Amino acid sequence: MSSVLPQSTVVSQLRDTFESGRTRPLAWRLGQLTALRALLTENTEALREALRADLGKSATEADRYEIGYMIGDIDHTVRHLEQWLAPQPAAVPDRFAPAQAQVVREPLGVVLVIAPWNYPLQLALAPMMGALAAGNTVVVKPSELAPATSAALARLLPRYLDPQAVAVVEGAVPETTALLEQHFDHIFYTGNGTVGRIVMAAAVKHLTPVTLELGGKSPAVVEPGVDLAATARRIAVGKFLNAGQTCVAPDYVLAIGDTGAALEAELTDAVTALYGKDPENSPEYGRIINERHFDRLTALLADGRIVTGGGQDRSGRYLAPTVLADVAPDAPVMQEEIFGPVLPIINVPDVDAAIAFINDRDKPLALYAFTESEATKRRLTEETSSGAIAFGLPVSHLALPELPFGGVGASGMGRYHGEYSIDTFSHSKGILDKPIS
Ligand code: NAD
């Protein structure tokens, strides 16, 4: 469907399609998923090129975290969809017998997906795929800050998917604002909390349910006694991926006891092992999305002692993987999600202090901890709240399709991935059937 039509026309055409019943059969849904898979495999080079143009994303990162991620997500959904859509029998209390009860998942209608720029392919396609698998029609609004990927999606999606069921609307604030005036049956927004509030306020008018996939400061707690070289490597991989512009990147290290001092050298070595002595020339290292974010990030470098990194080139939007020590807990770098390649180390004396530090702030999207202690794992799990918690490995939990992915409190509401996506984009309808006589 063309994106040049007025928003109201786009949405009403998608609603007509939904109401025709065309998107309900399992065969149609599986057909869309298979077509999406073909889009990804037949246009891999063009998609890599778009991601390189928008974010300097390496082919490795494009393949692993965007294109390959989506293929895995599609395959998992295709394998399980029939089973996820099967009516679930529900127990009937004796006093209602004889009777039968079940729960069916019905599609909602027209879904709006608003995507951000940092994983501009994955974060547009993964919710869209879930919405289609659940039998809905979808408007996809890619981020205007990743224009090459946005253009690729606008060009390719109508070619591969049912153009009566999927529309791409490109644009920035005016176009999104116009879209938000329309009546949707679900709005799925990924991005920052300020716009999340705008989306939620707009949804009120039509009583539209929302999923808000937001961000926040995800800590990486490090306890004494762990292998610090391995810990530093894993933190560095998760942090400096996509030049730090990852919603679940470790935002800062919460170093217990004397681990902070030891991590300075280990993180320095880990960065060199990943990107060499000169990350600017590493084909694996990405770029900052635009100059506004570059200026915001470089201003944060004054908030501590630079342990490694600090190198920068504004015209190339390059900011080296940077580790900061001696950072005050109330410094600007500790006030907002960093969302870039700057990693502050904050020292705390013990687990109690780490838990208090986390609980003093907004609930993070992810909490990471490197500890050999089951007691510490239990305490962190029970005494803090976060979208997810991962021990020993940052970021990768989002690639487990059996885990729900989403935030809590300021890091968002709702969840998706795997069967959770079907749940998000369906209404679970209870059915009671009692013989009349
Ligand atoms: P962004 O600037 O691309 O904005 C996201 C979307 O909101 C875009 O499509 C944009 O057009 C739209 N938008 C912007 N201003 C708007 C307005 N006034 N009204 C309506 N729509 C508007 O991306 P961003 O917000 O900078 O993304 C970064 C944030 O997203 C970070 O906080 C990050 O942690 C979070 N994030 C979360 C997840 C997750 O899965 N939870 C994933 C990626 C990013």
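Summary of computed values
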read-out	value
Residues (in contact (Cβ under 8 Å) with a residue 12 or more places away in the chain and either closer than 15 Å to residue 406 by Cβ or open to solvent by 20 Å² or more (accessible area, probe 1.4 Å) (or both)) located in region 206-223	206, 209, 210, 211, 212, 213, 214, 215, 216, 217, 218, 223
Checklist (1) small (Gly, Ala, Ser); (2) under 17 Å from residue 252 (Cβ atoms); (3) in contact (Cβ under 8 Å) with a residue 12 or more places away in the chain applied to residue 311, failing item	(2)
Among the residues listed as 327, 333, the single one being aliphatic (A, V, I, L, M), within 16 Å of residue 251 (Cα to Cα) and assigned to a helix (DSSP H, G or I)	333
Some residue of region 118-131 being away from the ligand (no atom under 15 Å from the Cβ), modelled with pLDDT of 95 or more and open to solvent by 10 Å² or more (accessible area, probe 1.4 Å)	no
Subset of region 314-337 (residues that are touching a residue at least 24 places away in the same chain (Cβ under 8 Å), open to solvent by 20 Å² or more (accessible area, probe 1.4 Å) and closer than 21 Å to residue 246 by Cα)	316, 317, 332, 336, 337
Residue in region 158-191 that is farthest from residue 114 (Cα to Cα), counting only those that are open to solvent by 40 Å² or more (accessible area, probe 1.4 Å) and free of Cβ contacts under 8 Å to residues at least 60 places away in the same chain	174
Filter result for residue 78 (β-branched (Val, Ile, Thr) and in contact with a strand residue (DSSP E or B) (Cβ under 9 Å, 6 or more places away or on another chain))	no
Condition check for residue 402: of a type in the set (Asp, Glu) and in a helix (DSSP H, G or I)	no
Residues of region 338-361 classified as part of a loop (DSSP other than H, G, I, E, B) and surrounded by fewer than 18 Cβ atoms within 10 Å (Cβ to Cβ), total	4
Breaking point among (1) in a loop (DSSP other than H, G, I, E, B); (2) surrounded by fewer than 17 Cβ atoms within 10 Å (Cβ to Cβ); (3) touching a strand residue (DSSP E or B) at 6+ places or on another chain (Cβ under 6 Å), for residue 288	(2)
Hits in region 244-285 - residues which are among the aliphatic types (A, V, I, L, M) and either assigned to a helix (DSSP H, G or I) or surrounded by fewer than 20 Cβ atoms within 10 Å (Cβ to Cβ) (or both)	261, 262, 263, 265, 267, 270, 271, 273, 274
Odd one out for residue 389 among (1) β-branched (Val, Ile, Thr); (2) touching a helix residue (DSSP H, G or I) at 6+ places or on another chain (Cβ under 7 Å); (3) assigned to a loop (DSSP other than H, G, I, E, B)	(3)
Filter result (surrounded by 14 or more Cβ atoms within 10 Å (Cβ to Cβ) and β-branched (Val, Ile, Thr)) within region 41-65	44
Within region 135-150, considering residues that are touching a residue at least 60 places away in the same chain (Cβ under 8 Å) and open to solvent by less than 10 Å² (accessible area, probe 1.4 Å), the one farthest from the ligand (Cβ to nearest atom)	135
Single residue of region 362-393 satisfying the filter (β-branched (Val, Ile, Thr) and in contact (Cβ under 8 Å) with a residue 60 or more places away in the chain) that is surrounded by the fewest Cβ atoms within 10 Å (Cβ to Cβ)	376
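The values are calculated or read from the model by the stated rules, or taken from the named source; none is laboratory data. This structure is a prediction, so every number in the text was calculated from the model and none was measured. Neighbour counts run over all protein chains shown; Cβ positions are idealised from the backbone, glycine included. Please note that ligands, DNA and RNA were not included when accessible areas were found on the heavy atoms of the full protein model with its side chains. Shrake-Rupley method; radii C 1.70, N 1.55, O 1.52, S 1.80 Å.
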